[in-house]
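Okay, structure first, notes after.
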Amino acid sequence: MNKYTVINPHEPFRVINTHVRNIDGIAKVTGRAVYTFDVKLPGMLYGKILRSPHPHAKILKIDYSKALEIPGVMGVVTGKEDTLGVKQGIWRRYKDLCDEQILPVDKVRYIGEPVVAVAAITEEIAEKALDYIDVEYEVLPAVFEPMDAIKKDAPEIHEGFERNINVTRHIEWGDVEEAFEEADYIREDWFKCGGQAHMCMETRCAVSSYTPDGKLTIYHSNQSPYYMQALMAGVLGMREGDIRIISTYVGGGFGGKFELDGAIFCSAVLSIKLKRPVKIVYTREEDFIATKRRTPMYYYTRTGVKKDGTFCAREAKVFTNGGAYTGMGATALYLTGFFHSFPYKWKAYRYDGYRVYTNTLPSTSMRGFGAPQAMWCSEQQIEWIAADLGLDPIEMRRKNAHEEGTIIPGQATIASCGIQQCFDEIKKWIDSKGQLPPNRAIGISACGFMSGGIFNWFDTPYSFSSAVVTVNQDGTVELNVGAQEIGQGSNTTLAIICAETLGVKVEDVKVHSGDTDFNPADLGAWGSRQTLMAGNAVKMAAEDAKRQILEFAYAQSGLNIVYDLDIKDRWVHAIARPERGEDFVKVVRRAIRGKDGQRIVGRGYYTPHRKGMISPAYSYMLQAVEIEVDEETGKIRLCDSLTAHDCGQPINHLGLIGQLEGAFSMAAGYGYLEYMPFEDGKLMNPNLVDYKVIRATEMPPANIAEVDTYEPEGPYGAKEAGEGLTNPTAAAIGNALFRLFGIQIKECPIRAEMILKALKEKREKEQQGK
Amino acid sequence: MEKKVVVLNVNGIDYELYINPKTLLVEAIRDYIGLTGTKRGCDTVSCGACTVLINGMSIKSCSVLAVQAEGYKITTIEGLEKNGKLAPIQEAFLDQGAYQCGFCAPGMIMSSQALLNENPNPTEWEIREGIEGNICRCTGYNSIVRAVQAVASGKYTEVKS
């Protein structure tokens with residue numbers, strides 16, 4: 001059903017890119033994996049959160065005396081009485097972007113915002129208690145769309161932000177006006193990009209346990225235990241080291257679980273007050289209305305090209321619906337502007353982004369991090385320009401595409417880039433399809449993505465990634481990382497890098513992650529950073545341990561100094577004479593004896609340096625999607641797809657396929673299914689009946705042609721895979737519609753009624769023409 | 001409502017529970033019996049994370065009351081392996097990487113098992129229909145389809161014995 005091809009495979013490794021089962025797999029397929037959702041501690045209470053019914057209101061008075069009378073209710077907390085009122089945010093370096101009190105003290109800014117939290121001996125009693133809490137509000141005028149919120153007379157959502165503009169971002173290189181002068185053809189379009197719910201299968205949940213020694217232990221479903229530890233320390237006025245975050249198994253993240261949420265904050269505040277463990281699990285509805293979402297955007301883009309299709313200049317202006325708080329939205333605002341230029345060379349480029357506060361669910365990072373929106377607009381406009389000029393859309397893209405050595409002025413230098421081969425593979429595939437049935441068409445879309453961010457708005461004093469490799473006397477290996485496994489397979493990927501480097505087998509490596517008490521700090525799983533950054537740290541730590549083992553082997557071998565030793569498959573040997581060697585375990589034992597009984601410990605760390613503004617490395621991809629449309633209903637069916645993809649050297653074979661297929665399903669959902677309609681600030685479909693995600697019957701084959709390149713900054717040449725592929729699909733579907741009917745849909749997700757309307761308009765136009 | 005004694009046969013063991021009659025089967029399994037392999041992902045019978053087998057057929061355990069399951073053989077994800085030996089469908093999920101975060105996996109595996117119980121040689125479309133009621137946010141389903149196909153093709157028969 002699915003085809004996986006490798007273009008230019010590299011030298012075979014022992015472990016890297018071989019068929020390795022996910023090392024957490026047994027726990028996951030047998031039900032043994034314990035998620036935060038499953039945690040039950042002795043004496044545990046259950047918490048529930050009362051939420052704001054208003055999009056914008058002052059909290060005047062909270063009376064919870066009746067709730068406390070209910071048998072089984074153990075306590076209530078409010079922002080005013082039980083918190084320090086700290087305004088927090090993940091952009092810690094910038095005080096004005098720390099704007100969210102998880103339990104607000106005096107004002108609510110969106111429907112669903114937490115107001116009061118209750119703990120009781122059962123979840124049922126806690127839920128019932130919510131009905132007995134009276135909150136008196138003074139309802140304020142509210143605003144829901146960024147274009148309304150920037151108006152002069154719009155209600156003020158946060159004090160001191162003129163026209164509700166939360167953050168602005170500017171990117172520019174080259175002389176834009178001059179470059180537009182050189183263009184023979186200029187096209188401008190306005191686009192609208194929808195939001196999207198992360199919809200992790202495990203809803204936000206936390207179990208907090210505060211003990212009289214002043215220590216707080218929190219089980220929490222998240223993407224970065226270190227961020228949680230640091231952010232919680234900030235809001236609670238505690239030391240980071242007194243807070244332990246445990247996040248062993250996490251039921252999905254997708255960019256939505258690395259900021260504080262109501263579950264972790266309210267459970268901790270309740271536990272501190274009541275000195276008992278408190279568990280809070282969000283219902284699916286709460287997870288929809290009171291977390292965060294992909295950032296909706298209004299996009300203006302103007303592009304100038306020469307007659308032969310050479311790109312000259314691009315100028316973009318973007319207004320994003322920031323919702324009530326900043327979150328990771330500031331990063332999404334920058335990245336959408338940067339990736340809107342991808343994967344092409346522009347002589348001059350200018351981007352101005354405005355993130356606007358509104359009284360809606362806050363928006364933030366979500367898989368793709370602003371780039372799916374950027375590509376939805378860019379890749380469609382490029383397709384239309386090719387049609388306007390009568391040029392081949394693949395060849396026009398190809399001639400402008402990045403290559404090795406491309407410099408994006410002031411932003412990045414591209415070290416590895418396999419996109420040219422991606423064009424070849426896609427072209428071959430489309431040609432091989434021949435004539436399609438009349439209601440079908442193929443659309444293409446290109447993009448690239450980062451391999452971890454360079455920015456440090458979190459203001460961490462630590463290396464971005466760290467790892468410790470410990471070799472035991474029996475040859476087993478403990479790998480401690482702060483990198484977070486959220487299902488993307490990072491534990492397995494890092495175990496593979498460790499095993500390959502050290503020369504042992506994957507089953508020798510035990511990975512310890514998801515616990516701040518025992519693992520080094522690491523920024524965690526976001527921005528596609530772990531394979532490259534944590535991977536480099538693990539490689540360095542394993543090399544450190546290996547060097548210590550080989551020192552003993554050298555001392556003992558008596559080999560001429562020109563000979564090198566290595567370890568492969570648990571065999572310590574001379575590289576030139578692989579048969580001359582010794583069992584790894586024997587060498588390790590002697591090495592430990594030589595260290596006066598100390599285990600072999602290797603340390604590694606990674607922070608990018610001198611790699612530009614954005615990321616140390618970039619993945620590239622080109623996708624083709626074949627769709628079928630029912631002209632009567634406007635319904636889209638996805639029929640087939642091929643992604644030609646360059647992630648450098650693939651490390652985790654099974655993980656890579658899974659990430660690419662999975663990204664396709666989420667990206668396609670963004671393109672044509674996952675619609676979030678709001679009415680007066682209220683989400684109208686906060687459940688899985690009305691919010692549609694792709695199901696098995698809707699998923700087409702997701703074929704992959706993996707173009708192996710070598711990225712010098714990545715471990716063994718690896719770079720990002722899995723997030724970037726969320727970027728192209730919506731535009732590819734749009735481009736298929738354009739190919740099929742000549743219609744230009746400028747809003748995503750593309751709904752059936754939009755297709756029907758466009759077809760009707762087209763018919764009317766044609767009739768007028770007659 | 002007055003509490004009631006209910007006997008549930010889960011993975012071959014009779015559990016005597018003293019519960020409120022409106023307790024859902026999923027609550028009985030997770031909260032009273034303590035088998036937390038079965039998950040919950042929604043409140044609208046939409047996601048399939050709580051799927052278990054009742055007399056070999058798949059059912060979303062949030063859609064029935066515990067009392068309604070009395071007298072039937074209930075199998076949860078914990079009941080698929082025998083003496084530490086995984087069932088073919090579990091082996092196939094491992095080989096195909098048919099899960100990522102793993103939260104949907106117990107329900108997905110039970111739906112796949114039920115499908116194979118009913119139709120040992122399903123077509124690709126029958127597999128897709130068979131797991132349509134289960135949402136997986138991570139994999140895009142194709143690896144799950146491949147896993148079911150691998151079992152149907154007899155690849156794991158020796159594991160069965």
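The values are calculated or read from the model by the stated rules, or taken from the named source; none is laboratory data. Values in this document were obtained by computation on a predicted structure and should not be read as measured data. Here the Cβ is made from the backbone with ideal geometry for all residues, glycine too, and neighbour counts use every protein chain on show.
Listed residues A:495, A:521, A:499; which is more than 20 Å from residue A:716 (Cβ to Cβ), among the hydrophobic types (A, V, I, L, M, F, W, C) and modelled with pLDDT of 95 or more?
A:521
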**Q.** Residue under evaluation residue B:94, criteria (1) of a type in the set (A, V, I, L, M); (2) touching a residue at least 40 places away in the same chain (Cβ under 8 Å); (3) in the same structural domain as residue B:111 (by TED's automatic domain parsing), criterion not met
**A.** (2)
Q) Under the condition of being in a loop (DSSP other than H, G, I, E, B) and either among the charged types (D, E, K, R) or touching a residue at least 12 places away in the same chain (Cβ under 8 Å) (or both), which residue from the stretch A:423-438 is nearest to residue A:399 (Cα to Cα)? A) A:436
**Q.** Flag for residue B:62 being within 8 Å of chain A (Cβ to nearest Cβ), under 25 Å from residue A:27 (Cβ atoms) and not polar (S, T, N, Q)
**A.** no
Q. Is one or more of the residues making up the stretch A:392-405 buried (at least 18 other Cβ atoms within 10 Å of the Cβ), within 30 Å of residue A:293 (Cα to Cα) and not aromatic (Phe, Trp, Tyr)?
A. no
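Taking the options A:31, A:112, A:25, name whichever one is at pLDDT 95 or above and away from every other protein chain (no Cβ under 14 Å).
A:112
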Q | Where a residue in the stretch B:27-41 is under 13 Å from residue B:74 (Cβ atoms) and within 10 Å of another protein chain (Cβ to nearest Cβ) and its partner, wherever it lies, is assigned to a helix (DSSP H, G or I) and charged (D, E, K, R), with Cβ under 7 Å and at least six apart | A | B:35/B:78; B:37/B:78; B:38/B:30
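Could you tell me whether residue A:181 is away from chain B (no Cβ under 14 Å), part of a loop (DSSP other than H, G, I, E, B) and under 30 Å from residue A:352 (Cβ atoms)? It would help to see each step written out before you state the result.
On the way: away from chain B (no Cβ under 14 Å): yes; part of a loop (DSSP other than H, G, I, E, B): no; under 30 Å from residue A:352 (Cβ atoms): yes.
It is false that residue A:181 is away from chain B (no Cβ under 14 Å), part of a loop (DSSP other than H, G, I, E, B) and under 30 Å from residue A:352 (Cβ atoms).
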Q) Residues in the stretch A:38-45: is at least one surrounded by fewer than 22 Cβ atoms within 10 Å (Cβ to Cβ), among the small types (Gly, Ala, Ser), more than 24 Å from residue A:249 (Cβ to Cβ) and touching a residue at least 12 places away in the same chain (Cβ under 8 Å)? A) no
Q: Name every residue in the stretch A:227-254 that is out of contact with any helix residue (DSSP H, G or I) (no Cβ under 7 Å at 6 or more places or on another chain) and surrounded by fewer than 24 Cβ atoms within 10 Å (Cβ to Cβ), in order of residue number.
A: A:234, A:237, A:238, A:241, A:242, A:244, A:246, A:248, A:249
Q) Only one of (1) surrounded by 22 or more Cβ atoms within 10 Å (Cβ to Cβ); (2) over 26 Å from residue A:222 (Cα atoms) fails for residue A:483. Which number is that? A) (2)
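Is it the case, given these coordinates, that residue A:667 is under 28 Å from the mean Cα position of the chain (by Cα) and in a helix (DSSP H, G or I)?
Details: under 28 Å from the mean Cα position of the chain (by Cα): yes; in a helix (DSSP H, G or I): yes.
For residue A:667, the condition - under 28 Å from the mean Cα position of the chain (by Cα) and in a helix (DSSP H, G or I) - is met.
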Q | residue A:254 being modelled with pLDDT of 95 or more and closer than 30 Å to residue A:385 by Cβ | A | no
Q. Between residues in the stretch B:116-141 that are closer than 22 Å to residue A:689 by Cα and within 11 Å of chain A (Cβ to nearest Cβ) and residues that are basic (Lys, Arg) and part of a loop (DSSP other than H, G, I, E, B), which pairs lie under 7 Å by C-beta distance while being six or more apart or on different chains?
A. B:132/A:695; B:135/A:695
**Q.** Residue among A:102, A:70, A:90 that alone is β-branched (Val, Ile, Thr), under 16 Å from residue A:118 (Cβ atoms), crowded, with 19+ Cβ neighbours inside 10 Å and touching a residue at least 60 places away in the same chain (Cβ under 8 Å)
**A.** A:102
Q | Test for residue A:201: is it within 14 Å of another protein chain (Cβ to nearest Cβ) and either among the hydrophobic types (A, V, I, L, M, F, W, C) or buried (at least 23 other Cβ atoms within 10 Å of the Cβ) (or both) | A | yes
Q: For residues that are polar (S, T, N, Q) and either under 25 Å from residue A:344 (Cα atoms) or more than 14 Å from chain B (Cβ to nearest Cβ) (or both), tally how many sit in the stretch A:650-665.
A: 1
Q: Specify the residue that is surrounded by the most Cβ atoms within 10 Å (Cβ to Cβ); the eligible residues are those in the stretch A:205-222 that are more than 16 Å from the chain's Cα centre (by Cα) and assigned to a loop (DSSP other than H, G, I, E, B).
A: A:214
Q: Report, by residue number, each residue of the stretch A:39-86 that is aromatic (Phe, Trp, Tyr) and under 22 Å from residue A:204 (Cα atoms).
A: A:46
Q) Condition test on residue A:723, is it under 28 Å from residue A:486 (Cα atoms), of a type outside the set (A, V, I, L, M) and within 14 Å of chain B (Cβ to nearest Cβ)? A) yes
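Only one residue in A:599, A:580, A:590 is farther than 30 Å from residue A:322 by Cβ, more than 14 Å from chain B (Cβ to nearest Cβ) and free of Cβ contacts under 8 Å to residues at least 12 places away in the same chain, so which one is that?
Of the residues listed, the single one that is farther than 30 Å from residue A:322 by Cβ, more than 14 Å from chain B (Cβ to nearest Cβ) and free of Cβ contacts under 8 Å to residues at least 12 places away in the same chain is A:580.
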Q) For the stretch A:439-493, what are the residues that are part of a strand (DSSP E or B) and within 26 Å of residue A:622 (Cβ to Cβ)? A) A:440, A:441, A:442, A:443, A:444, A:445, A:446, A:447, A:448, A:449, A:450
Q. Would you pick out the residues in the stretch A:389-418 that are in a helix (DSSP H, G or I) and in contact with a Lys or Arg (Cβ under 8 Å, 6 or more places away or on another chain)?
A. A:389, A:394, A:400
Q: Grab the strands (runs of 3 or more DSSP E) fully contained in the stretch A:552-618, keeping just those with 2 or more residues being out of contact with any helix residue (DSSP H, G or I) (no Cβ under 7 Å at 6 or more places or on another chain).
A: A:565-568, A:571-574, A:581-583
Q. Got at least one residue in the stretch A:639-660 being assigned to a helix (DSSP H, G or I), touching a Lys or Arg at 6+ places or on another chain (Cβ under 9 Å) and modelled with pLDDT of 95 or more?
A. yes
Q: Pull up the stretch A:625-649, narrow it to residues that are closer than 16 Å to residue A:448 by Cα and out of contact with any Phe, Trp or Tyr (no Cβ under 6 Å at 6 or more places or on another chain), then point me to the one that is nearest to the other protein chains (Cβ to nearest Cβ).
A: A:643
Q. Restricting to the stretch B:44-77, what's the tally of residues that are buried (at least 22 other Cβ atoms within 10 Å of the Cβ), within 24 Å of residue A:285 (Cα to Cα) and not hydrophobic (A, V, I, L, M, F, W, C)?
A. 4
Q.
I'd like the full set of residues that are at pLDDT below 95 and at the interface with another protein chain (Cβ under 7 Å from one of its Cβ atoms), limited to the stretch B:65-103.
A. none
